[in-house]
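Novice: First the structure, then my questions, so here it is.
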Amino acid sequence: MGVFFDASEIFQFAVRIEENGEKFYRDIAERSGPGEIRELFSYLAGEETVHRKTFLGMLGKVEKYEPPETYPGEYFQYLRSYADNLIFSGDTEKQLTCSKDMACVFDFAIRRELDSIMYYMETKNFVKDTQHKVIDRIINEERKHFVRLTEMKNKLAANA
């Protein structure tokens with residue numbers, strides 16, 4: 001199988017996915033009343049910000065990649081559009097029709113985290129073997145986020 005992506009491209013996707021995830025969690029936090037649920041989603045938004053910074057740091061360590069383009073910025077405009085429609089889009093309303101049902105919100109968020117993990121696992125097939133370790137770091141960050149989200153969902157369910 002040929003190499004279609006470079007690790008720098010994967011990081012561009014990761015950064016955009018994390019930006020959109022932060023917006024999603026902030027939107028849900030703002031819709032929630034004061035208390036533990038609002039704090040939870042504010043926390044998750046903060047985690048997305050930390051992940052974005054982590055991925056930006058990883059991107060800074062990867063050799064700069066300049067894809068062939070018809071016009072300047074064409075390829076990364078494509079990546080941004082792709083990431084906007086992958087995992088978390090920028091429009092919470094379109095993605096989440098059950099924002100008043102917290103079980104549904106949690107299930108949706110957990111699915112998005114799992115989708116992110118699967119995306120990064122699949123992308124390893126499209127990067128050079130020497131870049132797998134860096135992609136594995138992304139996967140580990142997403143797993144931590146998934147675990148924290150699941151633990152918090154279970155805690156809230158047990159207290160209900």
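Novice: So how many residues does segment 123-160 have that are in contact (Cβ under 8 Å) with a residue 60 or more places away in the chain and crowded, with 18+ Cβ neighbours inside 10 Å?
Specialist: 11
Novice: Tell me which residues, restricted to segment 32-49, are at pLDDT below 85 and among the β-branched types (Val, Ile, Thr).
Specialist: Within segment 32-49, just Ile37 meets the criteria.
Novice: With the requirement that a residue be in contact (Cβ under 8 Å) with a residue 60 or more places away in the chain and within 16 Å of Asp136 (Cα to Cα), what does segment 16-60 give you?
Specialist: Passing the criteria: His51, Thr54, Phe55, Met58.
Novice: Residues Glu142, Glu151, Glu122: which one is at pLDDT 70 or above, of a type in the set (Asp, Glu) and under 14 Å from the mean Cα position of the chain (by Cα)?
Specialist: Glu142
The values are calculated or read from the model by the stated rules, or taken from the named source; none is laboratory data. Computed from a predicted model, the values in this text were never measured in an experiment. Cβ sites come from the backbone with ideal geometry, for glycine too, and all protein chains shown count toward neighbours.
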